[in-house]
Amino acid sequence: MKRAGNRSSGRSISVDYAAVEQWSRRRDEAGNLQCLPRRTRDLEQFAEMWDRNLRAQGFLEAFQRERRGQTELLENSGERS
């Protein structure tokens, strides 16, 4: 799950406007994988809750309506040419 401004992948979260970033898995300069299992679970739970909340608030449907509208506009503009 990635979003502009605020991003969450289940492995890291970044809130750009607050200059906050947390990670649960990453590679260091030597290429070794560093993992924080508890934080991984916490971030995955947060991402799932965020997704549920966005769906419950109708963001998915609004996005789909907007996307359909843009597709229809493009198709209609092609018919007029």
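Each value in this text was obtained by applying a stated rule to the coordinates, not by laboratory testing. This structure is a prediction, so every number in the text was calculated from the model and none was measured. As a convention, Cβ positions derive from the backbone with ideal geometry for all residues, glycine included, and neighbour counts pool all protein chains shown.
Protection proxy ranking for 66-76, 42-52, using the average of other Cβ atoms within 10 Å per residue and placing the highest first: 42-52, 66-76.
Indicate the gyration tensor shape class of region 21-81 (rounded, prolate or oblate), computed on the Cα atoms with a ≥ b ≥ c the square roots of the eigenvalues: a/c under 1.5 is rounded; otherwise a/b larger than b/c is prolate and the rest oblate. Can you show the working numbers first?
On the way: a/c = 7.43, a/b = 2.15, b/c = 3.46.
Note, shape of region 21-81 comes out oblate.
Provide the FRET efficiency to the nearest 0.05 for the residue 36-residue 77 pair, computing r from the beta carbons and using R0 = 35 Å. Don't jump to the answer; show the numbers that get you there.
Working: r = 50 Å, r/R0 = 1.43.
FRET efficiency, residue 36 to residue 77: 0.10.
Each Cα pair under 8 Å and six or more residues apart adds its sequence gap; the mean of these over the residue count of region 6-80 is a relative contact order of 21 percent.
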